[in-house]
Amino acid sequence: MRIGINGQILFIDEIEKTGPVTYLTNLLIGISKIDNKSSFIVYLSNRINKKNFANFKSKFPQNFEFKVLPNSISWMQFSLAKELLSSPLDIFFTSTHSIPFLHNPKLKIVSMIHGLEYKTNRQYINSPIKAFIHPLILSGVLKFSQIIITPSQATKDAILKSFSIDSQKIQVIPEGVSDDFYKRTPREISDIRTKYKLGDSKYLFFVSRIQPRKNIPKMIEGFGNAIKENPSIRDIKLVIAGKNGWMYEESLEAPSKFGISENVIFTGQVPDEDLPILFSDAHAFISCSLEEGFGLPLLESLACETPAMVSDIPAFREIGEDKIIYINPNDVKSIKHGFLEIISHPLTKNLDSLARKYTWEKTAEKTLKLLIKQ
């Protein structure tokens, strides 16, 4: 069986290692460990970082082929479409919310839809063209795919609410958490505190790309109000890690606007190896996101035995169950109370066991089983 995989987002320096990149990387590694019979072809853009790609490729068995395609007008609709027509596959898998619309009608397509976050993202809401095109492309993906995978019941429900599609066509396969995420040692923590100039301060931790959907200004406002109401917590820091995305200026200006510039630290994007240590040392993980398709940082924080205060949205509820603190992301007063509660009475029981329900091995096994069945 020949299975093609869309690897367009991999090994490109200007693409931040967000959830979709982490997902696809771990999925490929997981599948390579359990299937040495099928033939896999991973299609890549010619914009790849050759050194990073070579290191990754060396870990794979001989039944994995990596094919670099040129960027000609549209990598997806021209280069990849031409390749799939000239070298037929049995199955094509994509996780980028896009497929080549010109393809052999006999080709069976399986698509991973991470979420419908565009519905709450001002980048799309404020652009009539993007607001029209994005759901149009997504509706085409849903139509031409034989199977749709979502990482959560929340995303499945959102798709069914927004598009006319048979619910049996959608399969929920959760993402996983890497073995790298576990409670780290005092020595490791001491080194990371020195690196990020954290001193002896207790800190709350948030990680994601800086963009409007993450609701960072309201998070900072709620944090500022909590400090004003309870001056005894004035020494606590809010550490915000992540690369600047689109419309990030309001987030960066928020600490000054709400008078807590000394309490908020923007680190920029941090190396993968630092994240488990930053999670481990944090008093709590914080996210006031308006919408999520899954919630990988929440899962990673729980694996590091770090309490969490997050938005009361379906995707977070699926992961955190009743073991974390929830707030209304649209209500600054609710966010303030959430900060006061997580600082004073963090829930710490059985967080690690909650996270270990999710592994990349399970994700790979379930996904491979679904692909081979097609």
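Mind checking whether some residue in the stretch 321-332 is assigned to a helix (DSSP H, G or I) and not hydrophobic (A, V, I, L, M, F, W, C)?
no
Return yes or no: is Leu27 free of Cβ contacts under 8 Å to residues at least 60 places away in the same chain and either over 22 Å from Val270 (Cα atoms) or outside any helix (DSSP H, G or I) (or both)?
Answer is no for this residue.
Given the structure, is Arg47 at pLDDT below 90 and surrounded by fewer than 17 Cβ atoms within 10 Å (Cβ to Cβ)?
Criteria met by Arg47.
Restricting attention to the stretch 244-278, which residues are of a type outside the set (Gly, Ala, Ser), in contact with a helix residue (DSSP H, G or I) (Cβ under 8 Å, 6 or more places away or on another chain), farther than 26 Å from Ala303 by Cβ and part of a loop (DSSP other than H, G, I, E, B)?
Across the stretch 244-278, the qualifying residues are Trp246, Met247, Phe258, Ile260.
Of all residues in the stretch 283-292, how many are surrounded by fewer than 24 Cβ atoms within 10 Å (Cβ to Cβ) and either over 24 Å from Thr363 (Cβ atoms) or outside the structural domain of His337 (by TED's automatic domain parsing) (or both)?
2
Would you pick out the residues in the stretch 138-176 that are without any contact (Cβ under 8 Å) to a residue 12 or more places away in the chain and closer than 15 Å to His114 by Cα?
Of everything in the stretch 138-176, just one residue is without any contact (Cβ under 8 Å) to a residue 12 or more places away in the chain and closer than 15 Å to His114 by Cα, namely Leu160.
Every residue in the stretch 319-352 that is farther than 24 Å from Ile227 by Cβ, buried (at least 18 other Cβ atoms within 10 Å of the Cβ) and not hydrophobic (A, V, I, L, M, F, W, C), please.
Listed by number, the list holds a single entry, Gly320.
Quick check, is Phe101 surrounded by fewer than 15 Cβ atoms within 10 Å (Cβ to Cβ) and either hydrophobic (A, V, I, L, M, F, W, C) or assigned to a strand (DSSP E or B) (or both)?
The answer is yes for Phe101.
Going by the conditions given, is Ser256 of a type in the set (Ser, Thr, Tyr), closer than 20 Å to Asp331 by Cβ and at pLDDT 95 or above?
It is false that Ser256 is of a type in the set (Ser, Thr, Tyr), closer than 20 Å to Asp331 by Cβ and at pLDDT 95 or above.
Considering only residues that are out of contact with any Leu (no Cβ under 9 Å at 6 or more places or on another chain) and among the polar types (S, T, N, Q), look in the stretch 354-374 and name the one that is nearest to Gln146 (Cα to Cα).
In this case the residue turns out to be Gln374.
One residue is enough: does the stretch 64-81 have a residue meeting the conditions part of a helix (DSSP H, G or I) and exposed (fewer than 13 other Cβ atoms within 10 Å of the Cβ)?
No, because not a single residue in the stretch 64-81 is part of a helix (DSSP H, G or I) and exposed (fewer than 13 other Cβ atoms within 10 Å of the Cβ).
Just one of the numbered conditions (1) under 25 Å from the mean Cα position of the chain (by Cα); (2) at pLDDT 95 or above is not true of Arg122; which one?
(2)
Of the numbered conditions (1) surrounded by fewer than 16 Cβ atoms within 10 Å (Cβ to Cβ); (2) at positive phi, Gly295 satisfies every one except a single condition; which is it?
Every listed condition holds for Gly295 apart from (1).
For the stretch 279-298, how many residues meet the condition of being assigned to a helix (DSSP H, G or I), out of contact with any Gly (no Cβ under 8 Å at 6 or more places or on another chain) and within 22 Å of Thr359 (Cβ to Cβ)?
Residues meeting the conditions: 3.
Which residue is surrounded by the fewest Cβ atoms within 10 Å (Cβ to Cβ), if the candidates are limited to the stretch 82-98 and must be assigned to a loop (DSSP other than H, G, I, E, B) and among the polar types (S, T, N, Q)?
Only one residue tops the list, namely Ser87.
In this structure, does Gly224 turn out to be surrounded by 21 or more Cβ atoms within 10 Å (Cβ to Cβ) and of a type outside the set (Phe, Trp, Tyr)?
yes
Residues in the stretch 50-63 that are surrounded by 13 or more Cβ atoms within 10 Å (Cβ to Cβ) and small (Gly, Ala, Ser): how many?
Looking only at that region, the number is 0.
Are any of the residues in the stretch 299-307 surrounded by 19 or more Cβ atoms within 10 Å (Cβ to Cβ), touching a Phe, Trp or Tyr at 6+ places or on another chain (Cβ under 6 Å) and either assigned by TED's automatic domain parsing to the domain that holds Gln153 or not in a helix (DSSP H, G or I) (or both)?
Looking through the stretch 299-307, at least one residue is surrounded by 19 or more Cβ atoms within 10 Å (Cβ to Cβ), touching a Phe, Trp or Tyr at 6+ places or on another chain (Cβ under 6 Å) and either assigned by TED's automatic domain parsing to the domain that holds Gln153 or not in a helix (DSSP H, G or I) (or both).
The values are calculated or read from the model by the stated rules, or taken from the named source; none is laboratory data. Keep in mind it's a predicted model, so treat the numbers as computed, not measured. With ideal geometry, Cβ positions are generated from the backbone for all residues, glycine too; neighbour counts draw on all protein chains shown.
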